[in-house]
Amino acid sequence: MTQELDQKISNLIKATDEMLWGSYHLITGAQPPNQLIFPKTSKGTIRVSEQEARQSLISNLIGTPFNFSVETPTGGNYRFSGKGERNAMTDLTLYTDNKPCLNIEFKSKNTSPKRIKKNHITKDLIKLICEPVNGLWFHVLETADKNGINKLWNTIKSELKSIVKSKPIKNKLLVFHCCVLKGGYSVQTSIPLNEDGRKEDWLNDLPNPPDTKAWIVHKFNNKPI
């Protein structure tokens, strides 16, 4: 990924954060409106899902050099449940010059290393790692403190280490991004994928977020984390 392309993608992610924060705080009565609304359930609670993040990012593609496809068929076939290999779908793919430059998977809600059923995370990480395109994991949480972010990251890190040891590795970049709505902040780090991923100590020296030496921290209205 070139430096210019990396900057344009970073700007796109920041604009997506800002739209999500603005929409969320509109619901809670603190911000002026934009077109995206987080709906309320029949119980009156706010429904937060990955769909709002995907739509926000797509809305911010206007004026950028990127084209996009939604639910993009993967180039490879993958085994997810022991029932044979099959083609899969990537949530969103960005293109430059009609060539894919970034695959994006969107997720919401929290998880932890102790959670037994992590298949919804594992299968999407497999696609991001094995497809020959740079990847972005965009995770949305309604609320989380530093401990909650660390639990999510440690789950992702554990799954990454397991997958990279057992799957073919494409030399590329994987970006992990987590946007917290209520707290109004996001954390992001970039992970090179290469043969170093097969080492036992891979990722062990990467500090937990929000360490600013290893993580990009973006704040809404300069709020503290």
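Each reported figure results from applying straightforward, stated rules to the coordinates on display, with no laboratory input. In this text, all values refer to a predicted model and were calculated from it rather than measured experimentally. Quick reminder, even Gly has a Cβ in these numbers, built from the backbone with ideal geometry, and neighbours come from all protein chains shown.
Quick notes on this structure:
- Sorted peptide list for 131-144, 58-71, 173-186, criterion being average Cβ within 10 angstrom, highest first: 173-186, 131-144, 58-71
- Across the range 199-212, rounded Karplus estimates of 3J(HN,Hα) from the backbone phi angles (6.51 cos²θ - 1.76 cosθ + 1.60, θ = phi - 60°) give 6, 4, 8, 4, 6, 5, 8, 7, x, 5, x, x, 4, 6 Hz, Gly and Pro being marked x.
- Estimated FRET transfer efficiency when R0 is 22 angstrom, pair Asp6-Asp201 (beta carbons, to 0.05): 0.25
- Charging the Cβ of each Asp and Glu at -1 and of each Lys and Arg at +1, and nothing else, the dipole of the range 147-225 about its Cα centre rounds to 260 debye.
- Rounded to the nearest whole Hz, the Karplus-based 3J(HN,Hα) values (6.51 cos²θ - 1.76 cosθ + 1.60, θ = phi - 60°) of the range 36-44 follow the sequence 7, 10, 7, x, 9, 7, 5, 8, x, with x at glycine and proline.
- Globularity index of the chain, i.e. its alpha-carbon radius of gyration over 2.2 N^0.38 Å: 1.00
- Links that overshoot a 20 Å alpha carbon limit, given the list Lys99/Lys157; Lys107/Lys157; Lys109/Lys213: Lys99/Lys157; Lys109/Lys213
- Across all Cα atoms of the range 126-225, the radius of gyration (one decimal) and Dmax (whole number) stand at 14.0, 42 Å.
- Cα convex hull, the range 185-225: 63 Å³ per residue, rounded to a whole number.
- Using a Förster distance of 25 Å, the FRET efficiency for Leu26-Asn147 (Cβ separation, nearest 0.05): 0.35
- Scanning residues 5 or more positions from Thr90 or on other chains, those with amide H under 5 Å from its amide H are Thr72, Thr74, with H placed 1.01 Å from N in the peptide plane.
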